[in-house]
1. Would you mind ranking M208, M308 by Cβ crowding within 10 Å, fewest neighbours first?
2. Within the set of other residues whose C-beta is less than 12 Å from the C-beta of H89, count the net charge using Lys and Arg as +1 and Asp and Glu as -1.
3. So if I restrict to the alpha-carbon atoms in segment 40-160, what is the Rg, and what is Dmax, the biggest pairwise distance, in Å?
4. Using θ = phi - 60° and the Karplus relation 6.51 cos²θ - 1.76 cosθ + 1.60, list the HN-Hα couplings for segment 263-270 in order, rounded to whole Hz, with x at every Gly or Pro.
5. If you restrict to DSSP beta bridges whose two residues both lie in the chain, what percentage is antiparallel, to the nearest 5?
6. Can you pull the one-decimal nm distance between simple spin-label points at A303 and A220, each 7 Å off the Cα toward Cβ?
7. What FRET efficiency comes out for the pair K327/A227, r = Cβ-Cβ distance, R0 = 22 Å, nearest 0.05?
8. Taking each full run of DSSP H in the chain as one helix, which ones are at least 20 Å long along their axis (Cα atoms) and have mean Kyte-Doolittle hydropathy of at least 0.0?
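All of the numbers you see were taken from the coordinates with simple rules; none came from a lab. Keep in mind that what you see is a predicted model, and the values were worked out from it rather than measured. Quick reminder, even Gly has a Cβ in these numbers, built from the backbone with ideal geometry, and neighbours come from all protein chains shown.
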Amino acid sequence: MYQIFCFLAAMIGYGAADAQCQALQPGTTTITFQSSTYSDFRQLLAREAATGTVTLQGNLSFPEEKKDRYPVVIVVHGITGYRDANEGHAAAELRKAGFATLTYDSFAARGTTGAALSGTPAYLPAGVADAYAARRALASDPRIDADRIAVLGFSFGGEVAHLTAFERFRAALVPGPGRFAAHVAFYPGGNLGVIAERGAYTGSPVLMLLGEKDDNLPVAKIEGYLAYARAAGNPVPIEIVIYPGAYHAWTVPSLVTPRFYPDYVSTKKCPLILLGPTEVVSLIDGQTTPFDPGSVAACTGAAPGYSMAFDAAVRAQSMTDAVRFLKRNLQP
C-alpha cells in the first residue's frame, strides 16, 4: 500500500533544464556521508534492512562571519537535481544571513536522474533518508551546532522538507532523539500528511511557501489539511505564506515566462493522503475516508499538467521570509 506514496512523489517536480555544476566557493569543504535506499515507505517504516547503501558527496559552505559553531541549513534540490542557479542561489543567500549550508545531489549519487527515478517507489524515501543522513553527518562536525540544523527544499525537496517533520520517519531513521530544528518547504508537492494525532509531528516548526497560481498544489488543499488538524484537536506545526500571482517553481530563472506543461502528472485533483500508525486514509472535504489506491489513476488522469514560471520579486521575498523564519527558530 505504501508504494502508492512513492508513485505520488513522482508527480512532484519542475522543469527539465540541465543541471549545472556546483563550483566550490571560498569557505567550502567537501564532505561525504552514507545514506540508504529503500524500495518504498513501507520498508522504511517497518525498519527493515535497506535495499542498498549509497555514498553522497556534499558541499559544506560557511558564511564570512566567524563563529565557534554555526547553525546550518541543508538545501534539498528539486526533480532536476542540484542547480547552482536555484539551490546554489538559495544557499548563497542563507550564508549572507549567517547560516552554514550543505548542498548535495541525491540523484547523481545514485548514478541516475530525478526523471529516471520518478516512476520508482524509491523516489521519495531516498530523499528523506538522505536528508537525515546529512543531518547525522553535520551533527558530528565540531564546526556545527547540532541543535540548530534545519532543512529547506524546493518542489521535490520541499516535499522532503515537510516529510522529515513526520515523527514516524524521524524515529525510523534516527536512533536517538535528534531532530531537525526547522523545516522550510518551497512549493512542495503537498501529497502526504499525517492523521491528526498527538505526536504525529516531531514538534519542530514547518514553513510552507505557496504560490497563489500553483496549479500543482492548490492552496486550498493545504488550508483544508490545517483546518482538519485543528478541528481534530491536534493542529500541525505548519505556518504558510501565500504569494499572489506566483506559479510553481517561481525560484527557477530558466522558466522565463508562464507556461503550462501538459505532460507532467499532477495531483491537484487528488485528495491528501494521510499516514497513521496502523492505517492510511484520504482527506476529502475535511473528513477522513478509507484510502483507495485505485482512485489515484482517476484523479491524476482527470487533470494532467501544471504551470511554471520564474518571478524574481517573489523569489526575493520568499527568501526573505525563509531567512526570517530560520533566524526566529534557530536562535541559540
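1. On the way: M208 23, M308 26.
Fewest-to-most Cβ neighbours within 10 Å comes out as M208, M308.
2. On the way: positive: R83, R95, K96, R315; negative: D84, E87, E93.
Spelling it out: positives minus negatives among the neighbours equals +1.
3. 14.6, 44
4. Whole-Hz 3J(HN,Hα) from phi for segment 263-270: 7, 7, 7, 10, 9, 4, 9, 8.
5. Numbers: 27 of 56 bridges.
Of all bridge pairs located within the chain, approximately 50 percent are antiparallel.
6. So the two model labels end up 0.7 nm from each other.
7. Values: r = 29 Å, r/R0 = 1.30.
The value I calculate is 0.15.
8. Values: long enough: 123-139 (25 Å, 0.43); 312-329 (26 Å, -0.29).
The answer, listed by residue number, is 123-139.
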